[in-house]
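Novice: Sharing a structure with you now.
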Amino acid sequence: MIEMKNVYFSYNGKEALSNISFKMQEEFVAIMGPNGSGKTTLIKLIMGLLEPEKGEIKVFGEEPKKVMEYIGYMPQRDAIARHFPIRVRDIVLMGIHKKKFYARKDIEKARETLKAVGLDLWNELFSELSGGMQQRVLFARALVKEPRLIILDEPFNAVDLPSREKMLEILKEKRKEGIPIVVVVHNINPILHEIDKVLLLNRRMIAYGNPKEALNEQNLKKAYGSDVQIIVCDEGYCHPLIGDTHA
Ligand SMILES: Nc1ncnc2c1ncn2[C@@H]1O[C@H](COP(=O)(O)OP(=O)(O)O)[C@@H](O)[C@H]1O
Ligand SMILES: [Mg+2]
């Protein structure tokens, strides 16, 4: 499904990612690591928005650029102009990728998707919504074309608890339908028990595998530094207290 082999990427010669190799199937995978560890860069490579300097990336067996249209993507919150005067419906319709006009079925699909994420909105201005509602609108935009792969960059940031639960419920349904999901998270706790695998990143891949094995104290210290505070929960998972450290 997604396969990376020895991927290297730098911004103007400054290494952002090196030696990244992993394979994922129709799974729910979380990418975690400190700020600046390359998480957003990694998903932009998967989407074909950036190209690797070295190594190989295949998505559905193809070059990422060729399958971009099958991917439902939700960018990181700070990458969005939140005060731009645009209406909810126009944001969601953007997810359908039509150039000139939208058919009635597109409009219906957009309305339906907004309802599915728990929003009874249409003509409202995006800029006037709460942070949680804005995130849900962007989530609807990622889902509206019924993507074959879902990629979300820190979708739960600035999201209230009911919104987060609604989003997670939908992700679990998608997972059941066999849609692969990649989610970058700042805080792993809310999804720890839902994910199949975690990719622990700090410019290099520190661990990739099921969370019980990948999230041990040694790996977390490698990713977050030796003074990271680690919590071990009842089921034996380890995770950092919060992900708020810098690479
Ligand atoms: N457009 C860019 N130009 C130059 N450097 C960048 C750019 N985007 C990200 N970087 C740098 O690359 C590194 C990884 O960034 P990023 O992938 O955004 O990390 P994360 O999402 O884990 O916080 C950081 O050091 C960041 O400053
Ligand atoms: Mg990021």
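The values are calculated or read from the model by the stated rules, or taken from the named source; none is laboratory data. Since we're looking at a predicted model, the values are computed, not measured. Methodologically, a virtual Cβ is constructed for each residue, glycine included, from the backbone with ideal geometry; neighbour enumeration extends over all protein chains shown. In case anyone asks, the SASA skips ligands and DNA or RNA and just uses the protein heavy atoms, side chains included. Shrake-Rupley method; radii C 1.70, N 1.55, O 1.52, S 1.80 Å.
Novice: May I ask you to verify whether Lys100 is closer than 27 Å to Ile195 by Cα and not polar (S, T, N, Q)?
Specialist: Numbers: closer than 27 Å to Ile195 by Cα: no; not polar (S, T, N, Q): yes.
Spelling it out, it is not the case that Lys100 is closer than 27 Å to Ile195 by Cα and not polar (S, T, N, Q).
Novice: Given the structure, is Glu26 part of a loop (DSSP other than H, G, I, E, B), over 30 Å from His239 (Cβ atoms) and among the charged types (D, E, K, R)? So that I can check it myself, show each step before the final result.
Specialist: On the way: part of a loop (DSSP other than H, G, I, E, B): yes; over 30 Å from His239 (Cβ atoms): no; among the charged types (D, E, K, R): yes.
Taking the combined requirement at face value, the residue does not satisfy it.
Novice: I would also like to ask the following. Within the stretch 84-108, can you find the residues that are under 17 Å from Ser127 (Cβ atoms), in a loop (DSSP other than H, G, I, E, B) and among the hydrophobic types (A, V, I, L, M, F, W, C)?
Specialist: Phe84, Ile86
Novice: Still on this structure, I have one more. Give the number of residues within the stretch 139-158 that are within 12 Å of the chain's Cα centre (by Cα) and either part of a helix (DSSP H, G or I) or not charged (D, E, K, R) (or both).
Specialist: 9
Novice: Evaluate the stretch 181-204: report whether one residue or more is within 17 Å of Leu220 (Cβ to Cβ), open to solvent by 50 Å² or more (accessible area, probe 1.4 Å), at pLDDT 90 or above and more than 15 Å from the chain's Cα centre (by Cα).
Specialist: Within the stretch 181-204 (the criterion being within 17 Å of Leu220 (Cβ to Cβ), open to solvent by 50 Å² or more (accessible area, probe 1.4 Å), at pLDDT 90 or above and more than 15 Å from the chain's Cα centre (by Cα)), the answer is yes, since at least one residue qualifies.
Novice: Starting from residues that are open to solvent by 40 Å² or more (accessible area, probe 1.4 Å) and not in a strand (DSSP E or B), keep the ones in the stretch 59-75 and report whichever is farthest from ligand 1 (Cβ to nearest atom).
Specialist: Initial filter on the stretch 59-75 (open to solvent by 40 Å² or more (accessible area, probe 1.4 Å)): 60-63, 65-66, 68-70, 73.
Subsequent filtering for residues that are not in a strand (DSSP E or B) retains 60-61, 63, 65-66, 68-70.
Details: Phe60: 23, Gly61: 25, Glu63: 21, Lys65: 19, Lys66: 23, Met68: 19, Glu69: 23, Tyr70: 23 Å.
Per the stated criteria, the residue is Gly61.
Novice: A further question follows. Return yes when Lys39 is within 16 Å of ligand 2 (Cβ to nearest atom), touching a strand residue (DSSP E or B) at 6+ places or on another chain (Cβ under 8 Å) and basic (Lys, Arg) and no when it is not. Break it down into steps so the answer makes sense when it comes.
Specialist: Values: within 16 Å of ligand 2 (Cβ to nearest atom): yes; touching a strand residue (DSSP E or B) at 6+ places or on another chain (Cβ under 8 Å): yes; basic (Lys, Arg): yes.
Judged against the criteria, Lys39 is a match.
Novice: Same structure, new question: Tell me which of these Ile231 doesn't satisfy, since it passes every other one: (1) assigned to a loop (DSSP other than H, G, I, E, B); (2) in contact with a strand residue (DSSP E or B) (Cβ under 7 Å, 6 or more places away or on another chain); (3) loosely packed, with under 13 Cβ neighbours inside 10 Å.
Specialist: Unmet for Ile231, out of (1) assigned to a loop (DSSP other than H, G, I, E, B); (2) in contact with a strand residue (DSSP E or B) (Cβ under 7 Å, 6 or more places away or on another chain); (3) loosely packed, with under 13 Cβ neighbours inside 10 Å: (1).
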